[in-house]
Amino acid sequence: MEREASTELWAVVANIRRDIPYGPGGKEIRNGTNQFRGGAKVHIIGAYFGMCESIIAVGQHCKTGKYVRCVIRANAIENMRVKKIYSRSIWDRLDDYQPTGASITVSKEEAENLMKCIPIWCELYF
């Protein structure tokens, strides 16, 4: 599905946390995730609202440098802000993407609502 040039897409832009607790009781610390380096910029394009702990992120993979779309835990991000998507690489990851059970943000209002929800999920589930 090709998007028109006049179409505006918005997303929550965030950075991957450098110190992410994992393992039993969160006693061990990881720098970043398996897909993204700590400090990497990612676009949060959607979420699994039923689970309230997983978000859909697009960013550059830590090893290949290519843009990838993957599901990460909501507590893996920090420094959230809402921005318009200009990157063709990000747009390409949205084309023909219809995840089962997930909601994709496309408007500024949806992105702002998602940005408000993520900190609440982190308090409740992590």
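The values are calculated or read from the model by the stated rules, or taken from the named source; none is laboratory data. Predicted model, so just to flag it, every value in this text is computed and none were measured. Backbone-built Cβ (ideal geometry, glycine too); neighbour counts: all protein chains shown.
Annotations for the structure displayed:
- Look at region 1-26: where a residue is under 19 Å from MET80 (Cβ atoms) and of a type in the set (S, T, N, Q) and a partner is modelled with pLDDT of 70 or more and part of a loop (DSSP other than H, G, I, E, B), sitting 6+ places away or on another chain with Cβ atoms under 7 Å, you get ASN15/GLY39; ASN15/ALA40.
- Checked against (1) over 13 Å from the mean Cα position of the chain (by Cα); (2) at pLDDT below 90; (3) among the β-branched types (Val, Ile, Thr), THR64 meets all criteria but (2).
- Residue within region 77-85 that is within 18 Å of SER107 (Cβ to Cβ), touching a Leu at 6+ places or on another chain (Cβ under 6 Å), assigned to a loop (DSSP other than H, G, I, E, B) and modelled with pLDDT of 85 or more present: yes
- Residue-level analysis places TYR97 outside the set of residues that are of a type in the set (Phe, Trp, Tyr), in a loop (DSSP other than H, G, I, E, B) and at pLDDT 85 or above.
- The listed residues are GLY59, GLY65, and the only one of them that is assigned to a loop (DSSP other than H, G, I, E, B), out of contact with any Gly (no Cβ under 8 Å at 6 or more places or on another chain) and small (Gly, Ala, Ser) turns out to be GLY65.
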